[in-house]
2 protein chains.
Amino acid sequence: MRVPPRVAIVEVGPRDGLQNEASAITTADKIAFIDRLSDAGHHVIEVSAFVSPKWVPQMADAAEVFAGITRHAGVRYTALVPNRAGLTRAVAAGVTEIGIFAAASETFSQRNINQSIDASLATYAEVCREALAAGLAVRGYLSTCFGCPYEGVIAPSQVARVAARLLELGVFEVAISDTIGIAHPGQVAPVLDAVTAVVPLAQVALHFHDTRGTALANVLAGLDYGVTTFDSSAGGLGGCPFAPGAAGNLATEDLLYMLDGLGVETGVDLARVSSASRFIEARLVHRLPSRYLQATSP
Amino acid sequence: MRVPPRVAIVEVGPRDGLQNEASAITTADKIAFIDRLSDAGHHVIEVSAFVSPKWVPQMADAAEVFAGITRHAGVRYTALVPNRAGLTRAVAAGVTEIGIFAAASETFSQRNINQSIDASLATYAEVCREALAAGLAVRGYLSTCFGCPYEGVIAPSQVARVAARLLELGVFEVAISDTIGIAHPGQVAPVLDAVTAVVPLAQVALHFHDTRGTALANVLAGLDYGVTTFDSSAGGLGGCPFAPGAAGNLATEDLLYMLDGLGVETGVDLARVSSASRFIEARLVHRLPSRYLQATSP
C-alpha cells in the first residue's frame, strides 16, 4: 500500500458544510471560522457560494464574508458559482478562484440543479469562458460519481465522460465526488481508471462523504492509487440531506489524524482545525460528527 | 490492494459492546438481541463474560443469558473468562469457547486488570490448562497493540512477545486489538509483520475501535495484508471509556457495508444486523454510533 509524501486538503466546511446546516450562522461567525481555518494552515478554503439567496439562504452573505476574512498569502479562497450572475457577484467580491458543479447522474442533475447535464455544461461553458478571460481559476466538482440516490450505480465510463467535458471547459481540477456517501474502497480504482484515461491524475481530487463510515477507507484507496488532493470539512460539518442526523462530509480532523499517522505532509495543524470546529460547533444545534473531534472534546 | 474472498466476523456487541454501556439491559433483552444476531447469520458471537458482578454489573447474568439463547448449529457462542472461578462458572453454563484478555502494555495491564502482564499470563496458564483439558477452545485478546493511553506507542516487538506467549498457552487465535481506537492504517503492516513472525497469519484476528474514525481504513490495510478475521460490534455498541459520547467498537454494519461492497463474503446479513442493533438501541439512552445505521434509520 503506497502513500504519497504530501497531499493537498481542500477545506470545504464553510461552504459545502455550512450550506447543509439548518442553523443560520452570522456573517461575523463565518468570518471568524474561516480566519481560524486559515490560521490552521489550510492552503485552500471554500469560503461561500454565489447562488440565489432564495435557494440557499445560508450563503446569502457571500460577498460580506469575502470582504471580512483575513486573506493569508498563498492561500486560495474559493467560491461556488452556478451561473453568470453568480460569477459577476464573485468577481465583484474579489474572488480569484471559483468552483462549478456538474453531476455524473442525469437524474441527479435534473433534481439537484433543475438542469440536464448538457444544459448545465452549456451554462458552465459561458461561466468558464468569462471567468478564465477575467483571470480566474475554475475547479470542477462532479457529483454522484460513486452512486446516485435516484439511479443507483453510475458507470465509471459515464463519470469519465462528464469529467472530460469539464476539463474541456478549462477547469484545472476535477473533484470526483461521492455526494451521498455511498462509495466503498473497491470502487475507487475502477472510477479512477476511467477518469484518469481522460483527466491527468494530478488534476483529479477526491471528495468523500462519511455517511456510511467508509470515507477514510476510500481515501486510503485513493492514496494507494496516487491521488494527492482530498476535500474535507472541519468537524464533518454538513449533514447528509438524505438522512437527517447522519454524517455528511468527511471530517478534516479524521482525515488529518490518518494522514499525520501515515506520515503524509499536509501543512495543516490538527489541533487548530479542531479548535475552529469547536468554535463553529457552539453555533449549531447538534454535535459535529467528526470521530476525532468527539473523542478529544472536553 | 488485495482482498480475500471471504472473512470471518466475530460479533462482540453483546459483551465488549454492552459491557461499556451505562444502561442496564435486562436478561430477556440480551437474549432477544443475541438471538437476532444469530438470525443475521453470525458464526461467532461473544455472548457475555464470567467476571465479578461487582466489577462489571452488566455481565452478572452471564449464565442466565447462555441458558436463554437459542443456539444455532455451527455458531460459536463465546464468553470472556478472567480466572479459574470464571471458568468454573462458564463450564457450568455450557460454554464451549472462552476468551482470555492480556495487554501488550505493562501499565495498561496494571490499571485495567490490576495485574502485571506476567501475573496475568500465569493466571491464564492455569485457565487454559483447565479449559483445554475440558475440551474448550480458547481465544486470546491482546489489548493496546497500537498504542496505550498511559504509555503511548507500544513497540510491535512487544506486541509480538505477548502474542507468542498467548499462543504458547494454547489459544487458537490472537485478536490484535486497538483498545483505545488510536490505530492508523500505517501501523497495521508493521504490527502484523512482528506478530506473524511468531503467530501464523491464519491465527491472527484484528479488533479495531472507531474512536478516531480510522477503523475501516485499518481493516482495509488488514485485508490487504491477508487477515481474514475481524471483530466488530452491532451498531458500534460500546462507547469509549476514555471519552464519554465518543465511538467505541467498529460497527458491524459499517464493516459489512464495506465488505459487501468489496465482494468479500461473510455470511452475515446487513439488514438483519441493523434490525438487531435497532432493537438494542431502543434500550439505550443514546443513539448507536454506526454511520451506516444512522444513515439508514427511519
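Looking only at residues of segment A:156-196 that are acidic (Asp, Glu) and open to solvent by 40 Å² or more (accessible area, probe 1.4 Å), we find that the one that is farthest from the other protein chains (Cβ to nearest Cβ) is A:168. Scanning segment A:47-68 turns up at least one residue that is assigned to a loop (DSSP other than H, G, I, E, B), acidic (Asp, Glu) and more than 18 Å from the chain's Cα centre (by Cα). When each of B:239, B:213 is tested for being crowded, with 24+ Cβ neighbours inside 10 Å and closer than 29 Å to residue B:21 by Cβ, the lone residue that passes is B:213. Kindly indicate which of B:45, B:34, B:9 is under 30 Å from residue A:187 (Cβ atoms) and either open to solvent by less than 60 Å² (accessible area, probe 1.4 Å) or of a type in the set (S, T, N, Q) (or both). It is B:9. Reported count of residues in segment B:57-111, each being farther than 22 Å from residue B:142 by Cα and of a type in the set (Phe, Trp, Tyr), is 1. Kindly indicate the residue of segment A:12-31 that is aliphatic (A, V, I, L, M) and open to solvent by 20 Å² or more (accessible area, probe 1.4 Å) and also nearest to residue A:76 (Cα to Cα) among those meeting that condition. Across segment A:12-31, the extreme among qualifying residues is A:31. Filtering segment A:98-115 to residues that are open to solvent by less than 10 Å² (accessible area, probe 1.4 Å) and in a strand (DSSP E or B) leaves A:98, A:99, A:100, A:102, A:103. Given the structure, is residue A:133 surrounded by fewer than 24 Cβ atoms within 10 Å (Cβ to Cβ), of a type outside the set (Ser, Thr, Tyr) and more than 14 Å from every other protein chain (Cβ to nearest Cβ)? Yes: the conditions hold for residue A:133. Kindly indicate whether residue B:206 is of a type outside the set (D, E, K, R) and either free of Cβ contacts under 8 Å to residues at least 24 places away in the same chain or assigned to a strand (DSSP E or B) (or both). It is true that residue B:206 is of a type outside the set (D, E, K, R) and either free of Cβ contacts under 8 Å to residues at least 24 places away in the same chain or assigned to a strand (DSSP E or B) (or both). Considering each residue of segment A:28-40 in turn, none proves to be in a loop (DSSP other than H, G, I, E, B), of a type in the set (Val, Ile, Thr) and closer than 27 Å to residue A:84 by Cα. Working only within segment A:221-236, note down all residues that are touching a strand residue (DSSP E or B) at 6+ places or on another chain (Cβ under 8 Å), more than 12 Å from chain B (Cβ to nearest Cβ) and more than 17 Å from residue A:17 (Cβ to Cβ). Residues satisfying the conditions are A:227, A:228, A:229.
Taking every residue in segment A:145-158 that is over 17 Å from residue A:185 (Cβ atoms) and pairing it with any residue that is open to solvent by 80 Å² or more (accessible area, probe 1.4 Å), at least 6 positions away or on another chain, the pairs with Cβ-Cβ distances below 7 Å are A:149/A:242; A:150/A:111.
Yes/no per residue for (1) part of a helix (DSSP H, G or I); (2) more than 19 Å from residue A:184 (Cα to Cα); (3) within 13 Å of another protein chain (Cβ to nearest Cβ); (4) open to solvent by less than 20 Å² (accessible area, probe 1.4 Å):
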site: B:219; (1), (2), (3), (4): yes, no, yes, yes
site: B:259; (1), (2), (3), (4): yes, no, yes, yes
site: B:272; (1), (2), (3), (4): yes, yes, no, no
site: B:277; (1), (2), (3), (4): yes, yes, no, yes
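Looking across A:227, A:285, one residue alone is touching a helix residue (DSSP H, G or I) at 6+ places or on another chain (Cβ under 9 Å) and not in a helix (DSSP H, G or I). It is A:227.
The values are calculated or read from the model by the stated rules, or taken from the named source; none is laboratory data. No experiment lies behind these values; they were computed from the predicted model shown. All Cβ positions, even for glycine, are placed from backbone atoms using ideal geometry, and neighbour counts span all protein chains on display. Ligands, DNA and RNA are excluded from the accessible area calculation, which covers all protein heavy atoms including side chains. Shrake-Rupley method; radii C 1.70, N 1.55, O 1.52, S 1.80 Å.
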